[in-house]
Amino acid sequence: MKNRRLSPQEKKKNRYDKDYVLSVEYPHSFRKSWNDGMREENRHYRRKVKQQFHDLNNCEDTIKSIRRKKCKKSLWNIRTVRERVQNQLDQRRIRQAWSYFKQPYNSKLHRQDFVYFLSLLVESKSVQAGRAALEIRNWLYASPADYYYRWNQWHYEWLQKFFQDEPEWELRLKNWINSIQYAK
């Protein structure tokens, strides 16, 4: 029986689900340098064994007592390509929120775009939307006494001006943040 050829869409779907991405700073050099670490561990073991051969009377017992170092497990997350792409899209969404706060609030410039952005964010079910909710919570409940969080204070003032134009969004955002917090 002849196998059916995959369509380009099916190939792409399979690649998104089966290929993995290393979350390291320099992935190509990481792949090259991993073997160097293995070589170093093996060399360490061989040198220890050679040192024990100097005493030939009880060399078998001492060689058996030498243990190899255990290989280190990867400290980085290994994710599928689909997870990485989704994470990048979500990060882009959070960066977009920051771009609104670069300038002082202007109703003509920011109002409609920010309402559209918030509506997309509130409807999103992604993990990064939860992270954005925590960030927005810091902006909503910033206290004037905390100079350490002066950026939160800047965002707080920006949001208060926005809520003067769109008062229903304040309650809607607070309800959304509370629903995400209690869902955990």
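The values are calculated or read from the model by the stated rules, or taken from the named source; none is laboratory data. Since we're looking at a predicted model, the values are computed, not measured. When we count neighbours, we look across all protein chains shown, and the Cβ atoms used for this are built from the backbone with ideal geometry, even at glycine.
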Check: Limited to the range 100-109, what total is found for residues that are surrounded by 10 or more Cβ atoms within 10 Å (Cβ to Cβ), under 30 Å from the mean Cα position of the chain (by Cα) and either in a helix (DSSP H, G or I) or charged (D, E, K, R) (or both)?
Finding: 1
Next item on the list: Of the conditions (1) at pLDDT 90 or above; (2) within 29 Å of Val85 (Cα to Cα), Trp169 clears all except one; give me its number.
Entry: (2)
Next item on the list: Could you list all residues from the range 75-99 that are among the aromatic types (Phe, Trp, Tyr) and either in contact (Cβ under 8 Å) with a residue 40 or more places away in the chain or in a loop (DSSP other than H, G, I, E, B) (or both)?
Entry: Trp76
Next item on the list: Starting from the range 24-52, take each residue that is at pLDDT 70 or above and list its partners that are of a type in the set (Phe, Trp, Tyr) and surrounded by 10 or more Cβ atoms within 10 Å (Cβ to Cβ), counting only C-beta distances under 6 angstrom and pairs at least six apart or across chains.
Entry: Val24/Phe30; Val24/Trp76
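Take Gln181 and decide whether it is modelled with pLDDT of 90 or more, surrounded by fewer than 14 Cβ atoms within 10 Å (Cβ to Cβ) and assigned to a helix (DSSP H, G or I). Spell out how you get there, then give the answer.
Numbers: modelled with pLDDT of 90 or more: no; surrounded by fewer than 14 Cβ atoms within 10 Å (Cβ to Cβ): yes; assigned to a helix (DSSP H, G or I): yes.
Answer is no for this residue.
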